[in-house]
Amino acid sequence: VPAVMSGIEPFVDACEIYKIALIHGTSGSSGTSELDIEWAAHASGTWASIFSTTPKVASTASTNTSWVTTLAAPTGVTTPVLSKTTFAIGDRLRCKVVSLQVGSPNEFMLRILFRPL
């Protein structure tokens, strides 16, 4: 069962996600770290991924790497592909960890860039 890593974040305006920025710090000794962002409509308990491909970073990725979804992915990185980009007032997002690298990985951040519609 994936762990919820942050609280649920509601949209206060109708918005669109237009880009995802990712930051990778130090790799672990093996494996892959993978995050998912799920969304639910206002007052709904049904959650679904906003990605058709989730962001992943393998332990083979370089230390202190950052990129955005409009750039080619560095070695060891799977750039996310958005399948859901528009949201209504009250729609909510949550972040889940799907998998983690083994050892002592440090810092895998995902920043969602959105704008009002």
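The values are calculated or read from the model by the stated rules, or taken from the named source; none is laboratory data. In this text the structure is predicted, and so the values were computed from the model without any measurement. Cβ placement follows ideal geometry from the backbone for every residue including glycine, while neighbour counts extend to all protein chains displayed. The accessibility values were calculated without ligands, DNA or RNA, using every heavy atom of the protein model including side chains. Shrake-Rupley method; radii C 1.70, N 1.55, O 1.52, S 1.80 Å.
The table that follows gives values for the structure above.
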{"quantity": "Near pairs, Cβ below 7 angstrom, 6+ apart or cross-chain, from the stretch 92-117 (on the phi > 0 side of the Ramachandran plot) to any residue that is aliphatic (A, V, I, L, M)", "calculated": "Glu107/Ile23"}
{"quantity": "Test result for Thr26, out of contact with any Asp or Glu (no Cβ under 6 Å at 6 or more places or on another chain) and free of Cβ contacts under 8 Å to residues at least 40 places away in the same chain", "calculated": "no"}
{"quantity": "Conditions (1) open to solvent by 20 Å² or more (accessible area, probe 1.4 Å); (2) within 18 Å of Asn106 (Cα to Cα); (3) not hydroxyl-bearing (Ser, Thr, Tyr); number of the one not met by Gly25", "calculated": "(1)"}
{"quantity": "Those strands (runs of 3 or more DSSP E) lying entirely in the stretch 52-105 with at least 1 residues over 23 Å from Thr26 (Cα atoms) and open to solvent by less than 30 Å² (accessible area, probe 1.4 Å)", "calculated": "92-99"}
{"quantity": "Selection from the stretch 33-50 of residues that are open to solvent by 50 Å² or more (accessible area, probe 1.4 Å) and in a strand (DSSP E or B)", "calculated": "Trp39"}
